[in-house]
Amino acid sequence: MAPETERPAPMLIGDSPALDFLNSIAAPKGLVIDWLETNTSLLDWFEQSGLCEKSELARLRDEADPAEMAKALQDIHAFRDVFRDFIEEAAGKTNPPVSDQLVREINAILLGGTLTMQIVETAQDRVGDTGAAPTHALRTQIDLRTPRDLLVRVAAACAKLMCEADFSCVRNCEGPTCTMYFLDVSKNRKRRWCSMSICGNRAKAATHRKAKAASS
């Protein structure tokens, strides 16, 4: 496991918060990295992934009970393992079966959260005053009050993927040992790699070596 001081920024390559959550433990360069290894790295990942805003996490960083944080971390790890089992079975399939047990587990987590709704200005309205009438959107969000609400946030992202994604486009990177998954949103649906800079370049190098050996 990579030491925390040597941990790179998370590889948010899943094109889905739920798959980025799954990819929060991986070995992109051979050494296993868990971006959710400690309380601090857990909160860092939620900020970097966009599932939580920095201002929301400030109170948890300063005031959260260490025992509650440790319990939330343990529960998030356990849920990640359960969700991985589902994705490994469902990836690449059209209308994959979803176990009643998984649905019950996610619903139980979601029932523990507090949902709020707010009318907010859309991003383009805040760029500048064009003279047009303001445009607004309804934002639904799970409140972040306790460490357990981190689990609720990520379970909601997983539930959204399960209910809305085309699982024929959920794929495991074709790198021989890569464990990362992504939602293929490319135009021709032919994405193969978690990242061209890692697994893609490795495959190109291997093909080049094989061709060179064959011609020598």
**Item:** Positive-pole candidate from 10, 172, 46, dipole of the chain, charges at beta carbon
**Value:** 172
**Request:** Could you work out the longest stretch of the chain that avoids the trypsin sites (Lys or Arg not before Pro) located in DSSP loops with at most 16 other Cβ atoms within 10 Å?
**Result:** 30-92
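Please compute the contact order of the chain in relative form: average sequence separation of alpha-carbon pairs under 8 Å and at least six residues apart, divided by the residue count, as a percent. Don't jump to the answer; show the numbers that get you there.
Details: 246 pairs, mean separation 53.7, N = 216.
Computed value for the chain: 25 percent relative contact order.
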**Request:** With the full set of protein chains in place, find how many percent of the accessible area of the chain is carbon and sulfur; take the probe as 1.4 Å.
**Result:** 53 percent
**Prompt:** Cross-link list 54/190; 29/160; 93/160: which exceed 28 angstrom alpha carbon to alpha carbon?
**Reply:** 54/190; 29/160
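Would you mind getting the accessible area per residue of the chain, heavy atoms of the protein chains only, 1.4 Å probe, in Å²? Mind showing how you got there, number by number?
Details: 12620 Å² over 216 residues.
Ligands and nucleic acids excluded, the figure is 58 Å² per residue.
Once every DSSP H run of n ≥ 4 in the chain is given -39500 (n - 2.57) and the sum is divided by its residues, what mean residue ellipticity at 222 nm do you get, rounded to the nearest 500 deg cm²/dmol?
The helix contribution divided over the chain gives -14500 deg cm²/dmol.
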**Prompt:** Using the C-alpha atoms of region 1-124, what convex hull volume per residue, in cubic angstrom, is computed?
**Reply:** 173 Å³
**Asked** Roughly what % of Cα-Cα distances in the chain sit above 24 Å, to the whole percent?
**Response** 52 percent
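The values are calculated or read from the model by the stated rules, or taken from the named source; none is laboratory data. Here the structure is a predicted model, which is why all the values come from computation and not from measurement. No Cβ is skipped: glycine too gets one built from the backbone with ideal geometry, and neighbour counts run over all protein chains shown. The area values use the complete protein model at the heavy-atom level, side chains included, leaving out ligands, DNA and RNA. Shrake-Rupley method; radii C 1.70, N 1.55, O 1.52, S 1.80 Å.
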